[in-house]
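The values are calculated or read from the model by the stated rules, or taken from the named source; none is laboratory data. Everything numeric in this text was worked out from a predicted model, so none of it was measured. Backbone-built Cβ (ideal geometry, glycine too); neighbour counts: all protein chains shown.
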């Protein structure tokens, strides 16, 4: 009889494995799926102190590395921002979130994350409305799949932007 394979299906009491007797206890919380395991193992526990370090190439020593702050990676075309800013609601906020994610993405199409939208104070309903507006105005392409976050791709701004529009 092996561990958990036999008449003792709840893993309570002694179980014989070869010549040794093991006392197995029942798990405190039943695990029903891989998601349960993931949530148990990878909880966001900010109480654990973590120190960021970087390798100093000149000395070969590890040095303290400051926490980086989020930033927008440019250039971001002003014509694109102007078009988004003229649209109602939280459309510009969603546009900024899209450009932030685009700056971190290694591909042209990427998933829109809840974290990016939360940082800019955009609700789920406002996100949906803003994505429709940006798509209708030709600023983004959106691929929607049931139960999935939308995949977004930024459309390059129209050609013919004059220098005066770029310099203000």
Residues of the range 101-159 being out of contact with any strand residue (DSSP E or B) (no Cβ under 9 Å at 6 or more places or on another chain), within 20 Å of residue 82 (Cβ to Cβ), crowded, with 18+ Cβ neighbours inside 10 Å and free of Cβ contacts under 8 Å to residues at least 40 places away in the same chain, which ones? 122
Pick from the range 84-108, criterion in a loop (DSSP other than H, G, I, E, B) and modelled with pLDDT under 95, ranking: nearest to residue 154 (Cα to Cα): 108
Taking interchain pairs and intrachain pairs at least six residues apart, which have beta carbon atoms under 8 angstrom, with the first residue in the range 62-81 and without any contact (Cβ under 8 Å) to a residue 60 or more places away in the chain and the second part of a loop (DSSP other than H, G, I, E, B)? 62/56; 63/56; 64/51; 64/52; 65/52; 66/52; 67/52
Tell me, yes or no, whether the range 133-148 has at least one residue that is under 16 Å from the mean Cα position of the chain (by Cα) and closer than 21 Å to residue 72 by Cβ. no
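So that you can scan it fast, the table gives a plain yes or no per residue for (1) surrounded by 10 or more Cβ atoms within 10 Å (Cβ to Cβ); (2) assigned by TED's automatic domain parsing to the domain that holds residue 115; (3) in contact with a helix residue (DSSP H, G or I) (Cβ under 9 Å, 6 or more places away or on another chain); (4) modelled with pLDDT of 65 or more:
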site: 8; (1), (2), (3), (4): yes, no, no, no
site: 38; (1), (2), (3), (4): yes, no, no, no
site: 54; (1), (2), (3), (4): yes, no, no, yes
site: 72; (1), (2), (3), (4): yes, no, yes, yes
site: 82; (1), (2), (3), (4): yes, yes, yes, yes
